[in-house]
Amino acid sequence: MKAVDALWEAALDGDEHRATDVVLEAAAELGHEVVLLDVVGAVQHRVGREWAANRISVAQEHAITAINDRAVSALSITKPRREAIHGRVTVACVDGEWHALPARLLAEVLSLRGFAVDYLGAQVPAPHLITYLHRTSPDVVALSSSIATRLPVAHATMTACQATGVPVMVGGAAFGVDGVYARRFGANAWAADARSAADMLLSQTIRPPSAPHQPVDDLPHLADQEYTLVTRSARDLVRSVYRGLEERVPAMGSYTDEQRQHTAEDLAHIVEHLATALYVDDDSLFRDFLSWTGEVLNARGVPAQVLEPALDLLSVQLRDFPRAQRMLAAPDRSLPV
């Protein structure tokens with residue numbers, strides 16, 4: 001689509017005014033919803049791919065996202081005014097989730113479709129969200145999360161919302177292919193994207209939640225405490241593995257302070273994703289993370305095999321954790337060459 005390329009070039013150049021002109025002109029031709037989802041949304045997906053391929057920096061990623069967000073504001077101001085004729089929906093990102101644009105796109109589409117929408121934005125602490133639900137009594141709360149490591153928080157937030165009697169629809173990449181984790185957590189509904197979420201809310205009534213329950217009721221394997229113990233000891237695990245790497249990888253002796261910081265951050269990401277995989281008891285979540293990390297490293301000229309000693313050292317530290325051992329087993333690491 002021509003508008004996608006035009007918006008990408010404007011955002012990449014940091015030209016907010018040109019980006020706004022692109023989306024407004026496209027909206028006049030294609031309609032606001034199409035531009036929101038198939039132009040702005042497409043550009044935002046491209047941002048992630050370009051960063052992973054090392055063709056744009058983190059700073060460029062943030063700048064492009066900010067311009068896209070302002071383009072959405074321009075579309076919102078100029079959208080056709082429509083009285084809310086359907087139910088009330090609260091749209092929020094779970095605590096710790098900073099990728100707010102997908103949730104904002106959903107809020108804008110629902111408003112265009114005739115829903116009353118309360119958009120709460122990024123990183124909404126669960127207690128504040130629950131207070132808001134008690135005050136506003138929406139028909140549905142839509143929770144968004146793109147980062148897999150926010151799944152435990154998303155699950156706890158979802159069950160807390162359901163305890164108020166409000167049905168919960170979830171969406172975002174964090175919930176896995178075809179919403180596998182949404183079903184495992186007992187969500188009242190899952191939608192692959194904003195368009196299908198709006199279609200679902202228009203075509204059917206989301207059933208109210210059943211009796212209140214706790215997250216462990218959905219995930220009985222949590223009783224073995226592996227997730228809890230790995231989470232609580234995450235800092236110690238990172239320190240121990242880092243010290244072990246210094247002994248195994250002599251080149252680390254000449255690392256700059258920045259390289260040391262990046263190494264520690266990478267180890268923290270590995271431990272956090274392992275903990276999340278333990279939470280949902282899904283080896284593929286950890287393998288997919290390792291594969292993605294390997295691709296990112298390769299794109300930056302760093303062989304993915306540098307992860308191997310870290311995984312070996314982590315396995316030694318967690319030798320008394322059967323599920324963690326299974327996930328850390330060498331044949332399952334799926335590191336790209």
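The values are calculated or read from the model by the stated rules, or taken from the named source; none is laboratory data. Treat the numbers as computed from the prediction; the structure is a model and nothing was measured. Cβ placement follows ideal geometry from the backbone for every residue including glycine, while neighbour counts extend to all protein chains displayed. Only protein heavy atoms, including side chains, enter the accessible area calculation; ligands, DNA and RNA are left aside. Shrake-Rupley method; radii C 1.70, N 1.55, O 1.52, S 1.80 Å.
Counting heavy atoms of the protein chains only and a 1.4 Å probe, report the per residue accessible area for the chain as a whole number of Å².
Working: 16420 Å² over 337 residues.
Here the residues of the chain average 49 Å² of exposed surface.
Please report, as a whole percent, how much of the solvent-accessible surface of the chain comes from carbon and sulfur atoms (probe radius 1.4 Å). Don't skip to the answer; put the middle values down first.
Details: 8700 of 16420 Å².
Carbon and sulfur: 53 percent of the exposed surface of the chain.
Relative contact order of the chain, please, whole-number percent, based on alpha carbon pairs below 8 angstrom and at least 6 residues apart.
On the way: 473 pairs, mean separation 40.5, N = 337.
Here the relative contact order equals 12 percent.
With a 1.4 Å probe and all protein chains kept in place, how much accessible area does Thr136 have, in Å² rounded to the nearest 10?
In the full protein context, Thr136 sits at about 20 Å².
Keeping all protein chains in position, work out how much accessible area Ile85 exposes to a 1.4 Å probe, and write it in Å² to the nearest 10.
That residue has around 100 Å² of solvent-accessible surface.
Ignoring everything except DSSP H segments at least 4 long, calculate the 222 nm mean residue ellipticity for the chain; use -39,500 (n - 2.57) per segment, divide by total residues, nearest 500.
Details: 17 runs with 200 residues, N = 337.
About -18500 deg cm²/dmol.
List, in order, the whole-Hz ³J(HN,Hα) value for each residue of region 110-127 obtained from phi through the Karplus relation with A = 6.51, B = -1.76, C = 1.60 and θ = phi - 60°; use x for Gly and Pro.
Result, ordered by residue: 4, 5, 4, 7, x, 8, 7, 10, 10, 9, 9, x, 7, 6, 9, x, 4, x Hz.
What net charge is computed for the residues neighbouring Val302, neighbours being all others with C-beta under 13 Å from the C-beta of Val302, Lys and Arg scored +1, Asp and Glu -1? Intermediate values should be presented prior to the final figure.
Working: positive: Arg300; negative: Asp266, Glu295, Glu308.
Net of charged neighbours comes to -2.
Between His17 and Gln325, what length in nm is gained on full extension when 0.36 nm per residue of separation is reduced by their alpha carbon distance? The partial results should precede the final answer.
Details: separation 308, 0.36 × 308 = 110.88 nm, distance 5.30 nm.
Full-extension gain reported as 105.6 nm.
To the nearest 20 debye, what charge dipole does region 20-62 have about its Cα centre, counting +1 at the Cβ of each Lys and Arg and -1 at the Cβ of each Asp and Glu? Could you put the intermediate results ahead of the total?
Numbers: 3 positive and 7 negative charges, 65 e Å.
Dipole magnitude for region 20-62 comes out near 300 debye.
Take the alpha-carbon centre of region 1-51, take the same for region 211-256, and report the distance between them in whole Å.
So the two Cα centres are separated by 40 Å.
Describe numerically, in nm with one decimal, the distance between label points set 7 Å from Cα along Cα→Cβ at Ala192 and at Leu30.
The modelled label-to-label distance comes out at 1.9 nm.
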